[in-house]
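These notes concern the structure reproduced below.
Please treat every number below as a calculation from the coordinates, not as lab data. Not measured: the values here are computed from a predicted model. Positions of Cβ are generated from backbone atoms using ideal geometry, with glycine treated the same way; all protein chains shown enter the neighbour counts.
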């Protein structure tokens, strides 16, 4: 009986995976920063985009989603998150996005948070049904400024959804300086020493890194990306010189004062991940924060991406990008920054809506960057999402239908 059941499940899963899908009459945003194709069809075969054309013939074997002229984009980038690494932030045993109190006295770039990734967490469906297809798993806590390693992961619900380059996270903020004796000068000195130690052959000569840490740092220098949490213009300027001297691929995360050194960032080809809602002097590292930061960076030729700074509300990053557009960033650049750019920067599969690309697509009720729009259909790897999550199930279970209750208690 178990054998028969297993065979049935295998047949069913194979048929679902292999079924062709057609999204018809779409207003397709390719995600390259310019191209929008109106009234087009998108044929998906074996999880990839097989054809884009005005009218693609269909049959009973092809499932059809009629966009009816609505906007269709590649699935969005959720920013830097701990999706799959945390369930309840206040419960320590459910948080695996970093480490504290190792008491080794060392920096640990070799600690890879992807090893703790759990695709079955309720956070991922909650984010996916809002139109998000992938994120950058971020290491966010450490004893000594170097938080560890992460990378891109797909929201397809699989255990092996990782792709792209290794990404090491380093915090250069004033707050992180506390773990370096409260001194930015000491912070820079020790980080520079760690990078130098990664090139040392004799382990006995290393004081800040383990053998594994030196290997991780050296490997990422060659093939990976370093994300530096930094906001102050003076610190970004120093980072630019450091990245050039070390010959590394650097990305600024935060960048509240990045507009001040936009020209230098563009010349160094260093992208910036920012929150376009940051417009207040939250601390002494961000006295120059302003709403048109993204627009000024883009105008100077800097590659811009967005992150909301939240995991459980990562879906808010769409509002972040929309806010950047409202303050001068071109709409097409906003779409590109939320779709194809992060995959390009961090070495993932192409997120362009183009022939041969992975079929991660979203049908929107309106403008994708308008906070009033919603994702009406989400396709990940060519498979339509059920559009259910823990939140939708709780809504359906507990929101009453009785018209005798006040309006706020009635199902819409």
Likely footprinting exposure, 202, 385, fewest C-beta neighbours within 10 Å first: 202, 385
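Among 121, 149, rank each residue by its count of other Cβ atoms within 10 Å, from fewest to most, as a rough exposure measure. The partial results should precede the final answer.
Details: 121 18, 149 24.
Least crowded to most crowded, the residues run 121, 149.
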Full-extension gain in nm, residue 141 to residue 245, via 0.36 nm per residue minus C-alpha separation: 34.8 nm
Fluctuation leader among 392, 311, 341 - the chain, Gaussian network, Cα springs under 10 angstrom: 392
Debye intensity ratio in log₁₀ form over the Cα atoms of region 79-215, taken at each q of 0.19, 0.21 Å⁻¹: -1.07, -1.20
√(5λ) per eigenvalue of the Cα gyration tensor, region 76-350, largest first, Å: 27, 23, 17
Inter-part distance where region 165-192 and region 41-114 are each reduced to a Cα centre, Å: 29
For region 231-270 versus region 298-322, the gap between their alpha-carbon centres in whole angstrom: 18
Length released on extending from residue 372 to residue 163, taking residue separation times 0.36 nm less the Cα-Cα span: 72.1 nm
Acute angle (nearest 10 degrees) that the helix 2-18 long axis makes with the longest principal axis of the chain, alpha-carbon atoms: 90
In degrees, nearest ten, helix 211-223 long axis to first principal axis of the chain (Cα): 60
Spin-label pair residue 310/residue 122, simplified geometry with 7 Å Cα→Cβ offset, distance in nm: 1.7
Nitroxide proxy distance, nm - points 7 Å out along Cα→Cβ at residue 186 and residue 284: 1.6
Most fluctuating residue given options 380, 211, 270, as computed from a GNM of the chain linking Cα atoms under 10 Å: 211
Packing-based ranking, highest mean first, of 365-373, 85-93 given that Cβ atoms within 10 Å are counted: 365-373, 85-93
Region 146-205 - Debye-derived log10 I(q)/I(0), Cα point model, q = 0.12, 0.13, 0.18 Å⁻¹: -0.48, -0.54, -0.78
Most mobile of 263, 60, 393 in a GNM of the chain (Cα contacts under 10 Å): 60
Between helix 233-246 and the chain: long-axis angle, C-alpha atoms, 0 to 90°, nearest 10: 80
Neighbour-count order for 387, 305, fewest beta carbons within 10 angstrom listed first: 387, 305
Dimensionless Rg over Rh [region 267-412; C-alpha; Kirkwood]: 1.05
